[in-house]
Amino acid sequence: MAPTMLELAHWSTWAVCAVIKLPQLAAVVAARSARGVSVGSLLLELAGFLVFLRYQIYYGYPLQTYLEYPIIIAQDVILLLFILRFSGNTKRALFYAVTFWGGWYMLTLRKWIIDLAMNLCTLISAASKLAQLRCLWQTKDSGQVSALTWSMSAYTCATRILTTVMTTNDLAVLIRFITMLILNIWVTATVLHYRKAKKTD
């Protein structure tokens, strides 16, 4: 029974992650605006995803435990490009690309660097969620922020807690997913709160 449950968790995570950023992307493109979406949050999230992916590859963890990350990273990059375009900051894309590429290379120069980066990765990813929360609190408007995308993120964190316990049992990875689950639920609830408040006005 355990292998079947594990396979279901993997497959459902991959399926959700294949479309996880599409609701957010669709909202931004339809409105031709990134109002309410924090660029800082997206950049921190992207950095966290890249560190996490590099860590998983470095330690030779099973592909099934991180297969969704290249898919999410690609979607984040596309979303970032649209946000930069609609905000008139397209020229920054090259700077971000060079920075992330350099970081990707430097992460595995020494074992202690990737280990430290993984421990900081949880803080970076948490900061990305807190940046989005801060943006929501300041504007008191969910704008183009997709509650569906954030709730799907919460689901994938929950499934990854299960798969991590059943496969690698890596404590740093578990702490990251538990923290992200809590924060993704918080962002989802905040988006829904401001959306409901806007409808009642």
Which condition number does LEU109 fail, the rest of (1) in a helix (DSSP H, G or I); (2) of a type outside the set (Val, Ile, Thr); (3) open to solvent by 10 Å² or more (accessible area, probe 1.4 Å) being met? (1)
When PRO23 is run through (1) open to solvent by less than 20 Å² (accessible area, probe 1.4 Å); (2) touching a residue at least 40 places away in the same chain (Cβ under 8 Å), the failure sits at (1)
Looking at THR159, is it closer than 23 Å to TRP11 by Cβ and either of a type in the set (D, E, K, R) or more than 16 Å from the chain's Cα centre (by Cα) (or both)? no
Taking the condition of being over 11 Å from the mean Cα position of the chain (by Cα) and either closer than 22 Å to TRP112 by Cα or open to solvent by 50 Å² or more (accessible area, probe 1.4 Å) (or both), how many residues in the range 30-64 meet it? 16
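Matching residues to (1) buried (at least 20 other Cβ atoms within 10 Å of the Cβ); (2) farther than 20 Å from GLN64 by Cα; (3) of a type outside the set (D, E, K, R); (4) modelled with pLDDT under 95:
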| position | (1), (2), (3), (4) |
| --- | --- |
| THR167 | no, no, yes, yes |
| THR179 | no, yes, yes, no |
| LEU183 | yes, yes, yes, no |
| ASP201 | no, yes, no, yes |
Scan the range 137-163 for residues that are closer than 21 Å to ALA47 by Cα and either in contact (Cβ under 8 Å) with a residue 60 or more places away in the chain or open to solvent by less than 30 Å² (accessible area, probe 1.4 Å) (or both) and report the count. 11
Which condition number does ALA172 fail, the rest of (1) farther than 26 Å from LEU22 by Cα; (2) out of contact with any Asp or Glu (no Cβ under 9 Å at 6 or more places or on another chain) being met? (2)
Condition broken by TRP14, with the remaining ones in (1) of a type outside the set (Lys, Arg); (2) buried (at least 16 other Cβ atoms within 10 Å of the Cβ); (3) touching a helix residue (DSSP H, G or I) at 6+ places or on another chain (Cβ under 7 Å) satisfied: (2)
I need the full set of residues from the range 82-106 which are assigned to a helix (DSSP H, G or I), surrounded by 14 or more Cβ atoms within 10 Å (Cβ to Cβ) and of a type outside the set (D, E, K, R), in order please. PHE82, ILE83, LEU84, PHE86, ALA93, TYR96, PHE100, GLY103
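The values are calculated or read from the model by the stated rules, or taken from the named source; none is laboratory data. Please read these numbers as outputs of a predicted model, since none were measured by experiment. Don't worry about glycine lacking a Cβ; one is built from the backbone with ideal geometry, like all the others, and counts go over all protein chains shown. For accessibility, only protein heavy atoms count, side chains too; no ligands or nucleic acids. Shrake-Rupley method; radii C 1.70, N 1.55, O 1.52, S 1.80 Å.
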